[in-house]
Each structure stands twice: as C-alpha cells, then as structure tokens.
Amino acid sequence: MSIDTPTSPLRHQDPEVAAWLDREDRRQRTTLTLIASENHCSAAVRAASASRITDKYAEGYPNRRYYGGCEVADGIEELARQRALQLFAGAEDANVQPHSGTTANLAALVALAGPGGRIVGMALKAGGHLSHGHDRSHTGMLFQARQYGVDGKGLIDLDEVRRVVREHQPKVLIAGGSSYARNIDYAAFAAIAREVGARLLADVAHPAGLMAAGIVPSPVGIADVVTMTTHKTLRGPRGGMILAKKDCAKAIHSAVFPGAQGGPLVQQIAAKAVAFGEALQPDFRAYQQKVKANAAWLAECLVAHGLDIVTGGTDNHIVLVDLRRFDVTGAAVEERALAAGLAVNKNAIPDDPRPPMVTSGLRLGTAAVTTRGFGRDEIAKVADVVVGLVRGNDPERFRPVVHDLCEHFPLP
Ligand SMILES: Cc1ncc(COP(=O)(O)O)c(C=O)c1O
C-alpha cells in the first residue's frame with residue numbers, strides 16, 4: 001500500500017517519512033516539470049513498484065535462480081522481457097534487470113569492450129552523458145575513453161566522429177546523449193564503428209518512448225546493443241534496460257548479473273512490465289506525438305521571443321536554450337524558475353565557458369507536462385513564463401499562471 005491512500009500504514013507508523021513524501025506529492029502537484037529526464041508515471045506503475053515482491057531475492061535469470069520461491073519473479077521478468085521485445089520490434093534479446101541507465105551502460109561497456117578496453121562516446125559538455133566515458137565516471141576510469149564533440153551549430157559532425165574513432169581504434173562506439181535534441185544517424189554511426197571493427201552501443205535513455213512509438217528513428221536492428229532508462233519519455237519506473245543482438249546477449253546478461261549487480265529489483269521489473277504494457281496501447285503513440293509537437297512548438301515560441309535554441313530547434317522532447325545573449329546563467333534561471341513553480345535544469349551548452357554548476361544553458365523537456373495534458377495553448381503560456389524569467393522579471397509574477405495550469409491539468 002503506498003502513501004497515496006489515507007489508510008497507508010506508512011502514515012501511521014512513520015509520520016515523519018510520510019510527511020516528507022506528502023511534501024513531495026504536493027511539490028509535484030504544484031510544480032510544472034520541464035526537466036527533460038523526468039515524467040509522471042501512472043498509478044499502476046507506482047502500485048507495482050510498491051508491491052510486496054520488493055521482499056524477494058531473485059539473483060540469476062528466469063528458471064536459473066540462486067534462490068528458491070522465484071516462480072513469480074520468473075513470470076514477471078519474462079513478461080517484462082516479452083513486452084519489451086514487442087515494444088521495440090526487431091530487438092533480438094532484452095535484459096530488464098539494470099537498476100539504472102548508468103548500470104546498464106557500465107554493464108554494456110564491460111560486455112563489449114572488456115575491462116580496460118577502448119571506448120569512444122560524446123563528451124558530456126557536448127550533450128553526452130557521464131557514463132559515456134567522462135573521467136569522473138567509472139566508465140572513464142575503467143576504460144580508455146576518448147570523446148567527440150559537436151560542431152559550431154551544436155550538431156554531431158560525423159567526420160569528427162570518424163576522425164576520433166580512426167585515431168583511437170575503440171572496441172565500442174557510443175551514440176546518444178542527454179541533451180541532444182536532434183535525430184541521430186545510427187546507420188552512419190554503425191558504418192563508422194564497422195570501419196575499425198568496433199561495436200555500436202546506442203544509448204537512447206532520453207528518446208526511448210518516442211522510439212517505442214515510432215515517432216523518431218530508432219537504432220534497434222542497427223546498433224549491436226541499445227541501452228535506455230525506463231523513467232524518461234518511456235514513462236515507467238526508475239530503472240534501466242538493455243536490448244541486444246543475439247551474438248551479444250550472453251555477454252550482456254553476465255555483465256549485468258553477476259558482473260554489475262546482485263539481486264534484481266523485482267518490484268521495479270514488475271513496474272517496467274506495467275509501463276511497457278501501457279506503451280503498447282494505441283494512446284501511447286498519440287501521447288508521444290504530442291510530446292514531440294509540444295517540444296517543437298515550445299522551441300518556436302521561445303525563438304519568436306528572441307531566445308536562442310542550440311541547433312535552432314528540436315526533433316524530440318528536448319529544447320536546449322542558449323542563454324549567452326541575455327548575460328544570465330543557467331543556474332540563475334533555474335532558481336528563478338523554481339520560485340515561479342517551474343522545475344527546469346541548468347545545462348551546459350556546447351563549448352560552454354561556464355562551469356557545470358553554473359552553465360550558460362537551460363534544458364527543457366515536454367514529456368511530463370504532456371502527461372498532464374498540455375497542448376499548444378498551455379505550452380505558449382509556459383514559453384511566456386520562461387522568457388519572462390530569462391529577461392529577469394520577478395518570478396512571483398508568474399506564480400498565478402503556473403498555479404492555474406497545475407490546477408487545470410492534474411497529475412495522473
Ligand atoms: C543518455 C543517458 N544515459 C544514461 C543516463 C543515466 O541514467 P540513470 O540516472 O538512471 O543512471 C542518463 C540520465 O539522465 C542519460 O541521459
């Protein structure tokens with residue numbers, strides 16, 4: 001029983017934790033989440049995640065466990081796997097156990113590159129992710145990593161990728177990022193990887209939901225391995241997943257367990273199964289179409305008000321704002337936005353002169369507000385608020401608009 005219900009045992013047994021969780025519930029209800037990596041999952045997903053199967057140890061894989069009493073865990077994991085394979089048509093194998101996107105990447109890199117192997121990924125400051133070989137991440141410490149950047153417009157330059165790959169001769173080339181708003185040419189990445197005998201790892205943590213719905217090009221069937229998180233556009237519980245071609249599957253499974261993790265979080269796997277079931281419904285495609293249309297419209301509104309967008313627009317749910325023209329930092333706008341009731345995050349823009357905790361950019365995403373039911377009118381209002389905040393208007397002025405939107409578009 002989750003905190004959602006007034007009779008929740010948590011409320012009686014531990015009012016202190018319950019009070020914190022109530023506060024988070026209020027925060028989400030009264031805040032518009034424009035953080036591109038977040039979403040609002042369904043009550044059914046949350047119910048599965050809070051279920052009794054959290055008690056169960058199930059080290060191993062279905063029908064090959066190190067503990068007794070795993071028949072339910074087996075059924076759940078197999079269901080999640082089958083739904084994942086149905087959702088990402090063309091995928092040959094799926095591992096639904098990774099606790100997170102980072103664990104999924106670490107396991108995939110060990111499986112494909114081996115300890116100390118050479119890898120190439122997109123630099124964090126160009127829009128990549130820490131787990132693609134950044135020197136503060138284990139992926140940068142345990143592998144010999146090199147990174148590629150983006151061009152002056154913020155776009156991936158395939159010639160530059162090829163140059164770095166030829167020079168470094170990696171075993172794994174990684175495509176994908178955390179703040180890259182454009183489609184990626186996975187076939188071109190695969191061709192570059194092939195030139196040096198490398199494997200292609202596509203990390204689709206961000207656009208996974210759009211890909212499942214067939215809204216943006218997918219690397220499934222092209223990349224050797226595809227990693228993702230389940231909690232961003234895919235709108236599931238927190239967690240990771242790996243899709244693999246048959247010839248990589250065995251190595252991936254043993255890199256996840258026992259390589260990178262112990263017992264799987266079966267309650268999260270159950271919640272992933274629920275989310276995949278939801279994503280297989282026809283209305284999920286309509287939702288993802290709206291996510292993408294809302295992002296394109298948001299970018300258009302911001303540009304019309306004089307803001308600069310990195311790459312000039314978006315192909316997915318992400319809009320990366322370049323704030324340099326306004327002489328304001330990402331950190332300052334993030335703080336103002338919170339005061340107005342908007343959750344956004346500061347984000348480095350390509351070649352950002354400012355440090356990561358300050359930045360010159362703002363990353364916005366439309367997955368969560370689209371879950372609330374936002375369309376063009378509401379996005380236009382949000383754009384007005386963002387522009388006002390960037391221009392330095394008092395955040396308090398925007399509170400009523402945000403409050404009104406939250407009231408009329410409740411959380412699921
Ligand atoms: C591209 C990419 N990969 C991996 C991750 C890591 O996911 P997690 O936070 O679940 O470890 C993220 C998270 O934002 C991401 O954007």
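Bear in mind these aren't lab numbers, they're just calculated from the coordinates by the rules spelled out. Values in this document were obtained by computation on a predicted structure and should not be read as measured data. Please note: Cβ atoms are built from the backbone with ideal geometry, for glycine as well, and neighbour counts cover all protein chains shown.
Across the chain, the volume of the C-alpha convex hull divided among the residues equals 136 Å³ per residue. Sequence-ordered 3J(HN,Hα) estimates for region 114-121 from the Karplus curve with 6.51, -1.76 and 1.60 and θ = phi - 60° stand at x, x, x, x, 8, 9, 10, x Hz, glycine and proline given as x.
For region 67-77, backbone phi angles converted through the Karplus equation (6.51, -1.76, 1.60; θ = phi - 60°) give residue-by-residue couplings of 10, x, x, 9, 5, 6, 4, 4, x, 5, 5 Hz, Gly and Pro being listed as x. Plainly put, region 52-279 has a radius of gyration that is 0.97 times its Kirkwood radius, both from alpha-carbon atoms, as the Rg/Rh ratio. Within region 71-132, the GluC sites (Glu not before Pro) that combine a DSSP coil assignment with at most 15 other C-beta atoms in a 10 angstrom radius are Glu92.
Once you've got the GNM for the chain with C-alpha springs shorter than 10 Å, pick whichever of Leu320, Leu342, Leu158 has the biggest mean-square fluctuation. Of Leu320, Leu342, Leu158, the most mobile in the Gaussian network model is Leu158.
Spread over its residues, the convex hull of the C-alpha atoms of region 19-64 is 139 Å³ per residue. The H on the amide N of Asp93, modeled in the peptide plane, is under 5 Å from the matching H of Ala244, each at least 5 residues off or on a different chain.
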